[in-house]
Amino acid sequence: MADKEIDEFSGTETTGHEWDGIKELNTPMPRWWINTFYITVIWAIGYMILYPAWPLISDYTHGYLGYSSRAELSAEMVVARSEQQVFLDQINAASLEEITASPELQQFATAGGRSAFLVNCTPCHGLGAQGAPGYPNLNDDDWIWGGTLEDIYLTIKHGIRFTEDWDTRDSGMPAFGRDEILDRAEITDIAAHVRSIAGLEHDASAAARGALGFADNCAACHGDNGEGLQELGAPALGDAIWFYGKSAEEIAAQITNPKHGVMPAWAERLDDTIIKQLAVYVHSLGGGE
């Protein structure tokens with residue numbers, strides 16, 4: 001104690017230690033901080049005794065209370081499933097129109113359908129159902145096979161051109177060029193006529209020549225004015241929505257050797273309740289008929 005002195009600059013007692021002329025001041029931690037530290041130590045020891053804490057080789061310390069967050073989650077999931085089952089049973093027994101007529105059921109079905117959509121449908125249709133080249137946008141008003149609740153339900157359940165389902169809806173556009181039904185010049189003229197129907201820039205003389213070829217070969221499915229025919233899955237040609245491209249070259253390529261998309265039938269992968277929820281969700285995106 002005799003070595004301790006009061007620092008002349010700070011007025012604080014020193015510890016008596018000095019290094020290179022620098023004296024150590026005796027400024028202990030505040031009592032409140034030390035007490036808080038002791039409390040946290042006691043709390044940690046109590047926690048280790050009461051709750052799971054230490055990992056072992058093949059197990060862990062379970063604690064005096066035997067608490068398990070996994071067991072708590074499992075119990076909560078049982079309760080949640082029980083509450084959901086009430087709505088699922090109602091959806092299973094109800095028609096699509098009855099589901100949408102009930103605000104409570106529609107809200108539940110829409111939420112469930114969105115979850116199912118994110119898991120099963122986004123790889124093709126996108127997270128926002130915006131589609132991609134060859135994959136339909138489900139937010140617009142253009143429906144190749146119909147956009148009513150029942151149409152959407154049938155498409156999801158049985159797919160399109162899915163040969164493993166006997167009830168799948170199927171249609172095939174002839175390969176007018178590959179099968180030599182039309183020559184290249186005729187196809188070029190028809191492509192110009194299709195662009196004229198859509199109000200796109202085109203060669204007027206070629207479009208005029210292609211009008212007859214369109215009437216003879218295309219109007220039966222696509223309509224005289226390119227309005228499309230949902231019963232056959234023939235898309236409308238007069239709007240601004242193009243499945244495989246709208247350039248003259250892309251249209252000619254589709255006439256020459258058409259691409260035919262395939263959608264799987266989900267009836268064997270998803271139960272009917274989930275398919276109904278998916279139909280309600282897709283219909284709710286804004287483009288449903």
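The values are calculated or read from the model by the stated rules, or taken from the named source; none is laboratory data. Everything numeric in this text was worked out from a predicted model, so none of it was measured. Cβ atoms come from the backbone with ideal geometry, glycine included; neighbour counts cover every protein chain shown.
Residues in the stretch 55-96 that are β-branched (V, I, T), surrounded by 11 or more Cβ atoms within 10 Å (Cβ to Cβ) and assigned to a helix (DSSP H, G or I): I91 alone.
One residue stands out in the stretch 161-194 among those that are in a loop (DSSP other than H, G, I, E, B) and hydrophobic (A, V, I, L, M, F, W, C): the one that is farthest from S247 (Cα to Cα), namely W166. The single condition among (1) more than 30 Å from E201 (Cβ to Cβ); (2) buried (at least 19 other Cβ atoms within 10 Å of the Cβ); (3) in the same structural domain as T188 (by TED's automatic domain parsing) that E231 does not satisfy is (2).
Within the option set I160, I144, I156, being closer than 30 Å to E268 by Cβ, of a type outside the set (K, R), in contact with a Cys (Cβ under 9 Å, 6 or more places away or on another chain) and not assigned by TED's automatic domain parsing to the domain that holds A219 holds for one residue only, I156. Considered as a group, the residues in the stretch 35-54 that are touching a strand residue (DSSP E or B) at 6+ places or on another chain (Cβ under 8 Å) and of a type in the set (A, V, I, L, M, F, W, C) include one that is surrounded by the fewest Cβ atoms within 10 Å (Cβ to Cβ), and that residue is W54. Scanning the stretch 185-199 for residues being out of contact with any helix residue (DSSP H, G or I) (no Cβ under 6 Å at 6 or more places or on another chain) and closer than 14 Å to A215 by Cβ gives a total of 1. From the set of residues in the stretch 101-129 that are among the hydroxyl-bearing types (S, T, Y) and within 14 Å of I275 (Cα to Cα), which is surrounded by the most Cβ atoms within 10 Å (Cβ to Cβ)? Residue satisfying both the conditions and the ranking: T110. Sub-6 Å Cβ pairs linking a first residue in the stretch 79-93 that is under 12 Å from Q277 (Cβ atoms) to a second residue that is among the aromatic types (F, W, Y) and surrounded by 11 or more Cβ atoms within 10 Å (Cβ to Cβ), at least 6 apart or interchain, are F87/F108, ordered by first then second residue. Taken as a whole, the stretch 129-136 holds at least one residue that is touching a residue at least 24 places away in the same chain (Cβ under 8 Å), in contact with a His (Cβ under 8 Å, 6 or more places away or on another chain) and over 17 Å from A267 (Cα atoms).
Within the bounds of the stretch 229-246, is there any residue that is of a type in the set (K, R), assigned to a loop (DSSP other than H, G, I, E, B) and under 24 Å from W166 (Cβ atoms)?
To start, the set of residues in the stretch 229-246 that are of a type in the set (K, R) comprises 246.
Among the residues that remain, those that are also assigned to a loop (DSSP other than H, G, I, E, B) are: 246.
Going one step further and asking which of them are under 24 Å from W166 (Cβ atoms), we end up with none.
No, the stretch 229-246 has no match at all.
For A211, state whether it is part of a helix (DSSP H, G or I), touching a Ser or Thr at 6+ places or on another chain (Cβ under 9 Å) and buried (at least 19 other Cβ atoms within 10 Å of the Cβ). It is false that A211 is part of a helix (DSSP H, G or I), touching a Ser or Thr at 6+ places or on another chain (Cβ under 9 Å) and buried (at least 19 other Cβ atoms within 10 Å of the Cβ).
Conditions (1) touching a His at 6+ places or on another chain (Cβ under 9 Å); (2) of a type in the set (K, R); (3) not assigned by TED's automatic domain parsing to the domain that holds T100, marked per residue:
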position: E150; (1), (2), (3): no, no, no
position: S196; (1), (2), (3): yes, no, yes
position: A208; (1), (2), (3): yes, no, yes
position: G213; (1), (2), (3): yes, no, yes
position: A220; (1), (2), (3): no, no, yes
position: I241; (1), (2), (3): no, no, yes
position: G245; (1), (2), (3): no, no, yes
position: A248; (1), (2), (3): yes, no, yes
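Considering (1) out of contact with any Leu (no Cβ under 6 Å at 6 or more places or on another chain); (2) at pLDDT 90 or above; (3) part of a helix (DSSP H, G or I); (4) surrounded by 10 or more Cβ atoms within 10 Å (Cβ to Cβ), the lone condition that W32 does not fulfil carries the number (4).
Answer with yes or no whether E8 is of a type in the set (D, E, K, R), farther than 30 Å from T110 by Cβ and in contact with a strand residue (DSSP E or B) (Cβ under 6 Å, 6 or more places away or on another chain). Reasoning before the result, please.
On the way: of a type in the set (D, E, K, R): yes; farther than 30 Å from T110 by Cβ: yes; in contact with a strand residue (DSSP E or B) (Cβ under 6 Å, 6 or more places away or on another chain): no.
No.
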